[in-house]
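Below is one structure, written out as structure tokens, with a few remarks after it.
The values are calculated or read from the model by the stated rules, or taken from the named source; none is laboratory data. If you're wondering where the values come from, they're calculated on a predicted model, not measured in any experiment. Note that we place each Cβ from the backbone using ideal geometry, even for glycine, and neighbour counts take in every protein chain shown. SASA here: full protein model, heavy atoms, side chains in, ligands and nucleic acids out. Shrake-Rupley method; radii C 1.70, N 1.55, O 1.52, S 1.80 Å.
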Amino acid sequence: MAETEESKTSGLYNLSFLEEMDDAEYASEVLDLFLTLTPTALDEIKDLTFREEWKEVFRKAHSLKSGLGILQMQPMLETITQIEANAKAQENTDAIESLLQQAFQQYELVKPMLEAELESSRKKVVL
């Protein structure tokens, strides 16, 4: 079963860390928070980038990394890490806009899959 799930997600994310905890309520909470907070954080990074507030871009990007790590979302984690590094160094800031666009696309790609995972976790909580 794990192989089938892994091939479905094609390396976009991996919930094995959450599954190992064997706590459907916690998994639901993590997924719900990620799905709720990530679009807002990405929008805030976009606004901060427009205003060239690099310290805040760094801080916001850094705050996204823990959720991405827990969900093992390697492609998006790499994108956000690059935004974070560019903002912190205040170098190559021109690339942040296209990296951010990539992060939005990566989020939109996994969103329906994570919503399905959340629904599945919620059903386990009820049982």
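Ranked from the most accessible area to the least, with a 1.4 Å probe and all protein chains present, what is the order of Val125, Val110?
These residues rank, largest area first, as Val125, Val110.
Can you give the convex hull volume per residue for the Cα atoms of region 67-127, as a whole number of Å³?
Hull volume over Cα atoms, normalised by residue count, gives 73 Å³.
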Query raised in the report: Using the Karplus equation 6.51 cos²θ - 1.76 cosθ + 1.60 (θ = phi - 60°), what ³J(HN,Hα) coupling, rounded to whole Hz, does each residue of region 26-31 give in order, writing x for Gly and Pro?
Result: 5, 4, 4, 5, 4, 5
Report summary line: Evaluated at 37 °C and 0.692 mPa s, the Stokes-Einstein D of the chain based on the Kirkwood radius over Cα pairs, in µm²/s, stands at 217
**Report entry** For region 17-106, accessible area per residue (1.4 Å probe, heavy atoms of protein chains only), Å²
**Finding:** 58
Query raised in the report: For the chain, what is the mean residue ellipticity at 222 nm derived from helices alone (per DSSP H run of n ≥ 4: -39500 (n - 2.57); sum divided by total residues; nearest 500 deg cm²/dmol)?
Result: -28500 deg cm²/dmol
Report task. Calculate one ³J(HN,Hα) per residue across region 13-20 by plugging θ = phi - 60° into the Karplus curve 6.51 cos²θ - 1.76 cosθ + 1.60, and present them in order as whole Hz with x for glycine and proline. Result -> 7, 8, 9, 4, 4, 5, 5, 4
Query raised in the report: What are the trypsin sites (Lys or Arg not before Pro) within region 50-126 that DSSP puts in a loop, where the Cβ has at most 10 other Cβ atoms within 10 Å?
Result: Arg51
**Report entry** Carbon/sulfur fraction of accessible area - the chain, other protein chains in place, 1.4 Å, %
**Finding:** 51
Report summary line: Among Lys65/Lys123; Lys65/Lys111; Lys60/Lys124; Lys60/Lys88; Lys88/Lys111, the pairs whose Cα-Cα distance exceeds 21 Å are Lys65/Lys123; Lys60/Lys124; Lys88/Lys111
Report summary line: Evaluated at 25 °C and 0.890 mPa s, the Stokes-Einstein D of region 8-52 based on the Kirkwood radius over Cα pairs, in µm²/s, stands at 196
**Report entry** Label point 7 Å beyond Cα of Glu52 along Cβ direction - residues of region 60-91 with amide nitrogen under 13 Å
**Finding:** 90-91
